[in-house]
1. So, by mean Cβ neighbours within 10 angstrom, what's the order for 16-29, 62-75 with the highest one leading?
2. How many nm is it between the label spots at ALA55 and TYR42, if each spot is 7 Å from the Cα in line with the beta carbon?
3. Straight-line reach from LYS70: which lysines have Cα under 21 Å away, leaving out those fewer than 8 places along the same chain?
4. Given a Förster distance of 30 angstrom, what is the FRET efficiency for HIS5 paired with ARG85, based on the Cβ-Cβ distance and rounded to 0.05?
5. Treating only the Cβ atoms of Lys and Arg (+1) and Asp and Glu (-1) as charged, compute the dipole magnitude of the stretch 42-88 about its Cα centre; round to the nearest 20 debye.
Amino acid sequence: RPQVHVMDVVNAERPPGSAPLSVQIGVHSGSAIAGIIGHRKYQYDLVGDAVNTAARMCGMSAPGRVCLSKATFKHVRGQFDLTERPPLNVKGKGKMVTYFLGGRTAPSASPSAAAGSPVPSAETGA
């Protein structure tokens, strides 16, 4: 499971006797602008609606979980086990359907068939 692997990496270098860390992750797909800003102290920054939405997905996630937006769901469905969550009120976005990421799905005989397979959704009722 990807989120379990993230926790292993996060906790691999922690000092002995310290409490384990738990992270929550949010992922959204969309366009963004990246660049270096500043005159005296340079800083790399990433801005745009997709970045803000990813931050909102992180806030809607849970410790040890990866929360995906519907836009990202469309890119990864058929490749991972995804659990649809009830629509959530997301600040600045309104109601959004989000998904929790699970493990990678078993390889299918046809990758194009997996990408086009219907996935049950609260919006479509399929």
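Values quoted throughout were computed directly from the atomic coordinates according to the rules given, and no laboratory measurement underlies them. Source: prediction; values computed, not measured. As a convention, Cβ positions derive from the backbone with ideal geometry for all residues, glycine included, and neighbour counts pool all protein chains shown.
1. Details: 16-29: 13.2, 62-75: 18.2.
Highest to lowest by the protection proxy: 62-75, 16-29.
2. Simple spin-label model gives 2.4 nm for this pair.
3. Those lysines meeting the cut-off are LYS91, LYS93, LYS95.
4. Values: r = 22 Å, r/R0 = 0.72.
Efficiency at R0 = 30 Å is approximately 0.90.
5. 160 debye
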